[in-house]
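**Q** Have a look at this one.
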Amino acid sequence: MSGVAAVFKRELASYFATPIAYVFIVIFLVLAGTFMFFFGGFYEGGQADLSAAGSFFYWHPWLYLFLVPALSMRLWAEERKSGSIELLMTLPLEVWQAVAGKFLAAWAFTAIALFLTFPIWITVNYLGDPDNGAIVAGYFGSILMAGGFLAIGACLSAATKNQVIAFILSVVACFLMLAPGLGVAQQLLSGIAPQWLVDGLASLSFQTHFEYISKGVIDLRDLLYFALLIGACLYANTIVLELKKAD
Amino acid sequence: MIEVQGLTKEYGRFRAVDDLSFRVAPGEVLGFLGPNGAGKTTTMRIVAGFLPPTAGRVLVCGSDIETQAVAAKRRIGYLPEGAPSYPEMTPRSFLEFIAEARGIAASERRKRLDEVFALLHLDRVLEQSIDTLSKGYRRRVGLAQALLHDPEVLILDEPTDGLDPNQKHEVRELIGRMAKNKIIVISTHLLEEVEAVCNRAIIIAHGKILADDTPRGLEARSRFFNAVSLKLTNPDLVPAARNAINLLPEVASTELDEKGRITAFPAPGKLPLAPINALAERQRWPLAELHLESGRLDEVFRSITGGATA
């Protein structure tokens, strides 16, 4: 376990040793606010609520779609490019320990960025009387979903030494994980595919499970979905690394 | 003890390492020599547990590098080619990370870190980010990382590459000091480094071992080994002198270089120095210099590897 902790600490510190952390956090906060207040019409809605359509959490899948791959693309691709992977892989660590340490650091970093949106929470409480339980659930669902995006991105980053390729592959893969749960996609699909397939695909989507959780309904199945997805991606990440370490 | 048995590594159809076997015992400083692309780095990467071999196996102090990887890696200190590290970190934070990842107990950590800082003279740059350091300092940070846990086995891929002559000398002294009870494997293409620090040298080319000997043993393979060079102040006497030397039974042949220096190569098993010296005295040659040649490693290296540059 100390191996995971060592990698975790190093990785998390490295975000703050470079401009990545500050750029990411500022852009994340600006976009989260912009989407909510301008596109979401927060004031026009007249509701002190963060989970409604068009509100704060509604935009998170879209924010993560581009921002999380920007964070995850460097996880392994950079190590490959700089050669430090050779150092990391010859330390007395199991590969999964390095994978877990890096993933958890990226996840913790995302959680920090998300936590910094707390002024929005304070604002809605100042303006009205929101359901704070639902807001907590929204944050919880958002964190879980960020973990899912990150795990996909980490796995794809391990497959290449080129960060741009890692980014593009991750955005595409994350979009595919998101799309079947979107209303538009369901309408499109239902014209050409049987309903069971449409529902089946939707039940595999981030969107569907995130919506359930952020409504305040915390169902074991939704938690299990994210846990299994993250576990499977990290397992794949470990295998990719073991198969090709050098190139 | 490192035991390498039948090690083979293939990249597609290219065989980088071809059925390599050798053992290294404590106290040995093994120099891995070879032309570029000979398979030195690939071999070291496999022994250090970074690359899996296509065939064969590696035991490090009894632990198989593939099946008991963590146990084996604990005993190894490894400096990868180019001394990679994390450029945004400072040497202090980087080495603290290595200490923690290597599971050095927190109570020991402070002491070990201070030791390697002093050993590699890192104190002045501890709080500077690694990407602002000179190549020499970066290499030393890489060495510090390899030495931090005082490993039984040190594998150093070109440890003095990019260092200036003073730093090279320091690193060689450091290796020499540690050599007594450790197993040290270094790769290099600097022959003077082999003479300076190694007590054993393996020459490989095309992934195969071509020679495995002490540096002195390799020198003895040189045609210059025990040869005698002399130079006369009067160039007019040179042809006659060369003829006279050629007639000595201890001399197999002679060569004359463009500076007028005669080199006499010994007949097999003979030592021509004394007879040539006696001859020179008898003939009253005006000697500018007369000396015994030692073997030339570079020449041995070239003849063994056959100019292989693949």
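**Q** Given the condition β-branched (Val, Ile, Thr) and touching a residue at least 60 places away in the same chain (Cβ under 8 Å), answer yes or no: does some residue in the range A:175-187 qualify?
**A** Of all residues in the range A:175-187, those β-branched (Val, Ile, Thr) come to A:184.
Checking the rest, the ones that are also touching a residue at least 60 places away in the same chain (Cβ under 8 Å) come to none.
Within the range A:175-187, not a single residue is β-branched (Val, Ile, Thr) and touching a residue at least 60 places away in the same chain (Cβ under 8 Å).
**Q** Testing B:Asn181 on (1) under 14 Å from B:Ile76 (Cα atoms); (2) in contact with a Leu (Cβ under 8 Å, 6 or more places away or on another chain), one condition comes back false. Which one is that?
**A** If we test B:Asn181 against (1) under 14 Å from B:Ile76 (Cα atoms); (2) in contact with a Leu (Cβ under 8 Å, 6 or more places away or on another chain), just (2) comes out false.
**Q** If you don't mind, another one. Can you tell me which residue is farthest from the other protein chains (Cβ to nearest Cβ) among those in the range B:75-90 that are crowded, with 20+ Cβ neighbours inside 10 Å and farther than 10 Å from B:Gly142 by Cβ?
**A** B:Gly77
**Q** I'm checking my understanding of the structure. Among residues of the range A:49-107 that are more than 19 Å from the chain's Cα centre (by Cα) and among the β-branched types (Val, Ile, Thr), which one is nearest to the other protein chains (Cβ to nearest Cβ)?
**A** If we take residues in the range A:49-107 being more than 19 Å from the chain's Cα centre (by Cα) and among the β-branched types (Val, Ile, Thr), then A:Thr90 is nearest to the other protein chains (Cβ to nearest Cβ).
**Q** Still on this model: Answer with yes or no whether B:Val185 is in a helix (DSSP H, G or I), crowded, with 22+ Cβ neighbours inside 10 Å and among the β-branched types (Val, Ile, Thr).
**A** Numbers: in a helix (DSSP H, G or I): no; crowded, with 22+ Cβ neighbours inside 10 Å: yes; among the β-branched types (Val, Ile, Thr): yes.
Here the answer is no, as B:Val185 does not meet what is asked.
So that you can scan it fast, the table gives a plain yes or no per residue for (1) at pLDDT 95 or above; (2) over 15 Å from A:Pro69 (Cβ atoms):
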| site | (1), (2) |
| --- | --- |
| A:Gly141 | no, yes |
| A:Met145 | no, no |
| A:Leu150 | yes, no |
| A:Lys161 | no, yes |
| A:Met177 | no, no |
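**Q** Applying the selection to the range B:17-58, what residues are of a type in the set (Val, Ile, Thr) and assigned to a loop (DSSP other than H, G, I, E, B)? So that I can check it myself, show each step before the final result.
**A** Pass one, the range B:17-58, residues of a type in the set (Val, Ile, Thr): B:17, B:24, B:29, B:41-43, B:46-47, B:54, B:58.
Within the range B:17-58, just B:Thr54 meets the criteria.
**Q** In addition: Check whether at least one residue in the range B:125-136 is within 22 Å of the chain's Cα centre (by Cα), more than 10 Å from every other protein chain (Cβ to nearest Cβ) and not charged (D, E, K, R), and report yes or no. Talk me through it step by step, then tell me what you get.
**A** So the first thing to find is which residues in the range B:125-136 are within 22 Å of the chain's Cα centre (by Cα), and the list is B:135-136.
Filter once more, keeping what is more than 10 Å from every other protein chain (Cβ to nearest Cβ): B:135-136.
In the following step, the residues that additionally are not charged (D, E, K, R) were identified as B:136.
Yes: one or more hits.
**Q** A further question follows. Any idea which of (1) more than 24 Å from A:Arg221 (Cα to Cα); (2) charged (D, E, K, R); (3) in contact (Cβ under 8 Å) with a residue 40 or more places away in the chain is the one A:Asp131 doesn't satisfy?
**A** (1)
**Q** From B:Arg109, B:Arg102, grab the single residue that is in contact with a His (Cβ under 7 Å, 6 or more places away or on another chain) and either more than 8 Å from chain A (Cβ to nearest Cβ) or surrounded by 20 or more Cβ atoms within 10 Å (Cβ to Cβ) (or both).
**A** Details: B:Arg109 fails: in contact with a His (Cβ under 7 Å, 6 or more places away or on another chain).
Answer to the check: B:Arg102.
This table checks each residue for (1) out of contact with any Asp or Glu (no Cβ under 6 Å at 6 or more places or on another chain); (2) aliphatic (A, V, I, L, M); (3) not assigned by TED's automatic domain parsing to the domain that holds B:Ser21.
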site: B:Arg223; (1), (2), (3): yes, no, yes
site: B:Asp236; (1), (2), (3): yes, no, yes
site: B:Leu248; (1), (2), (3): yes, yes, yes
site: B:Val251; (1), (2), (3): yes, yes, yes
site: B:Thr254; (1), (2), (3): yes, no, yes
site: B:Thr263; (1), (2), (3): no, no, yes
site: B:Glu281; (1), (2), (3): yes, no, yes
site: B:Val300; (1), (2), (3): yes, yes, yes
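**Q** Same structure again: On the basis of being within 13 Å of chain A (Cβ to nearest Cβ) and either of a type in the set (A, V, I, L, M, F, W, C) or touching a residue at least 12 places away in the same chain (Cβ under 8 Å) (or both), does B:Phe32 make the cut? Explain how you work it out, then say what you get.
**A** Working: within 13 Å of chain A (Cβ to nearest Cβ): no; either of a type in the set (A, V, I, L, M, F, W, C) or touching a residue at least 12 places away in the same chain (Cβ under 8 Å) (or both): yes.
It is false that B:Phe32 is within 13 Å of chain A (Cβ to nearest Cβ) and either of a type in the set (A, V, I, L, M, F, W, C) or touching a residue at least 12 places away in the same chain (Cβ under 8 Å) (or both).
**Q** Counting just the residues of the range B:4-26 that are over 14 Å from B:Ile209 (Cβ atoms) and within 19 Å of the chain's Cα centre (by Cα), which one comes out surrounded by the fewest Cβ atoms within 10 Å (Cβ to Cβ)?
**A** Across the range B:4-26, the extreme among qualifying residues is B:Ala25.
**Q** Do any residues in the range B:45-63 that are of a type in the set (S, T, N, Q) have Cβ atoms under 9 Å from those of residues that are part of a loop (DSSP other than H, G, I, E, B) and surrounded by fewer than 24 Cβ atoms within 10 Å (Cβ to Cβ), where the two are at least six apart or on different chains, and which pairs are they?
**A** Once the first residue is of a type in the set (S, T, N, Q) and sits in the range B:45-63, its partners that are part of a loop (DSSP other than H, G, I, E, B) and surrounded by fewer than 24 Cβ atoms within 10 Å (Cβ to Cβ) give B:Ser63/B:Arg75.
**Q** Could you go through the range B:149-170 and let me know if any residue there is among the aliphatic types (A, V, I, L, M), modelled with pLDDT of 85 or more and outside any strand (DSSP E or B). Let's see the steps before the verdict.
**A** First, the residues of the range B:149-170 that are among the aliphatic types (A, V, I, L, M): B:153-156, B:163.
Retained after the next criterion (residues that are modelled with pLDDT of 85 or more): B:153-156.
In the following step, the residues that additionally are outside any strand (DSSP E or B) were identified as none.
Among the residues of the range B:149-170, not one is among the aliphatic types (A, V, I, L, M), modelled with pLDDT of 85 or more and outside any strand (DSSP E or B), which makes the answer no.
**Q** Could you please find all residues in the range B:37-74 being more than 9 Å from every other protein chain (Cβ to nearest Cβ) and touching a helix residue (DSSP H, G or I) at 6+ places or on another chain (Cβ under 9 Å)?
**A** B:Ala38, B:Pro53, B:Gly56, B:Val58, B:Leu59, B:Val60, B:Cys61, B:Gly62, B:Ser63, B:Asp64, B:Ile65, B:Glu66
The values are calculated or read from the model by the stated rules, or taken from the named source; none is laboratory data. Predicted model only: the values in this text are computed from it and were never measured. We place every Cβ from the backbone using ideal geometry, glycine too, and count neighbours over all the protein chains shown.
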